[in-house]
């Protein structure tokens, strides 16, 4: 049989074992909790990194597609400024439009004048002197022919812009005969 002293010692041993087990359990919970917290933080950072990488890949793909679309765009841009000494190429293109669309056309060109732009010094440093040439196109034909002409005119590979359009039809209406006067500006490169 146990005496009170032995019983007390046995209870203290059991209590000490339980306290040690409880302490070890608390340490293990704290250790594994911190490990789970670190793993969760690392997983969150990895998800963020993957998201950023996907965004970069999408942006990179979009830029690559954009460059494919541009292709030789910079060369086309340089060629869009026709030489002021030789605008016959532009006139030939307009005549071809007239013939292709079956419209009668009269062309009137003004004298080249300097085109003032905000960063003119920067552009001149790069060797580009931009001039503007005002011109007028008078077209005659039915409405379909005139619309077709204007659609083709819009895609010409030159820097040009319309400043005004005047249209008039005959007494019989647009289907029979109409006249359009298109005032425009051709931007050209020239020597200083």
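With the requirement that a residue be surrounded by 16 or more Cβ atoms within 10 Å (Cβ to Cβ) and part of a strand (DSSP E or B), what does the stretch 159-168 give you?
Within the stretch 159-168, 160 is the sole residue that qualifies.
Of these, 6, 55, which one is surrounded by 10 or more Cβ atoms within 10 Å (Cβ to Cβ), within 20 Å of the chain's Cα centre (by Cα), modelled with pLDDT of 80 or more and not assigned by TED's automatic domain parsing to the domain that holds residue 105?
Result: 55 is the single residue among 6, 55 that is surrounded by 10 or more Cβ atoms within 10 Å (Cβ to Cβ), within 20 Å of the chain's Cα centre (by Cα), modelled with pLDDT of 80 or more and not assigned by TED's automatic domain parsing to the domain that holds residue 105.
Return the only residue of 150, 128, 156 being outside any strand (DSSP E or B) and either at pLDDT below 85 or not assigned by TED's automatic domain parsing to the domain that holds residue 85 (or both).
Step by step, each of 150, 128, 156 is checked, and only 128 is outside any strand (DSSP E or B) and either at pLDDT below 85 or not assigned by TED's automatic domain parsing to the domain that holds residue 85 (or both).
The values are calculated or read from the model by the stated rules, or taken from the named source; none is laboratory data. Computed from a predicted structure; not experimentally measured. Here Cβ is always computed from backbone atoms with ideal geometry, including for glycine, and neighbour counts include all displayed protein chains.
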